[in-house]
Amino acid sequence: MVYLPAVSLAIVMALIAFNKVGSPQYYCWLIPPILLGLIVDRTRFIPLAVLALASTLLTQMIYPWMYDDVLDVKPLALTLLTLRNLSEVVLFAYALALVARKRRNA
C-alpha cells in the first residue's frame, strides 16, 4: 500500500510527460494517486499536490485560452508552456525518487 501512490503517480506522469499532445484532460489522471498519497504519506505528497495543481492550471491557461499565442510564438505563451513542461518533468522525477526511497527503506 505504501508503494501504490508513488508508483501510480510515476506511471501517470510518464504517460503525461512523454505524450506529444499534453491535453488538459490528462491531468484528471493525477487526482487518484495524489489523493491516495496524501492519505498515506501527507508530508511527502503535499509538494507534489501543489506542483500538480500549478501544472494543471498552467495547462488550462495554455490550451483553451493561449493556444493561438503558442502557434504565433509569443513569449508569454511559450514561457508558460515551458514552465508547464518543466513541472511535468519535476513531478515525474519526484515520483521516481519516492519509489526509489521507499524501495531502499524496505
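The values are calculated or read from the model by the stated rules, or taken from the named source; none is laboratory data. Quick caveat: nothing in here was measured; it's all calculated off a predicted structure. When we count neighbours, we look across all protein chains shown, and the Cβ atoms used for this are built from the backbone with ideal geometry, even at glycine. Heads up: the accessible areas ignore ligands, DNA and RNA and are worked out on the full protein's heavy atoms, side chains in. Shrake-Rupley method; radii C 1.70, N 1.55, O 1.52, S 1.80 Å.
Descriptive notes on the structure:
- Residue of Val90, Val40, Val73 that the Gaussian network model of the chain assigns the largest fluctuation, springs spanning Cα pairs under 10 Å: Val73
- Accessible area per residue in Å² at 1.4 Å probe, computed on the chain: 61 Å²
- Rounded to 10°, Cα long-axis angle of helix 31-40 versus longest principal axis of the chain: 30 degrees
- Where labels lie 7 Å past Cα in the beta-carbon direction, separation of Leu53 and Leu76 in nm: 2.4 nm
- Sequentially through region 68-82, phi angles give Karplus couplings (6.51, -1.76, 1.60; θ = phi - 60°) of 4, 5, 5, 5, 8, 6, 8, x, 5, 5, 5, 5, 5, 5, 5 Hz, Gly and Pro residues having no value and appearing as x.
- Dimensionless Rg over Rh [the chain; C-alpha; Kirkwood]: 1.03
- Accessible-area composition of the chain, carbon plus sulfur, in percent [1.4 Å probe]: 70 percent
- Whole-Hz Karplus values for region 85-97 come out as 5, 5, 5, 5, 5, 5, 4, 5, 5, 5, 5, 5, 5 Hz, taken residue by residue from phi with 6.51 cos²θ - 1.76 cosθ + 1.60 and θ = phi - 60°; glycine and proline positions read x.
- Classified by the C-alpha gyration tensor, region 1-41 has an oblate form. Its axis ratio a/c, with a ≥ b ≥ c, is 1.5 or above, and a/b does not exceed b/c.
- Pairwise Cα inverse-distance average, inverted: Kirkwood Rh of region 49-102 (Å): 11.9 Å
- Cα long-axis angle, helix 42-60 against the chain (0 to 90 degrees, to the nearest 10): 20 degrees
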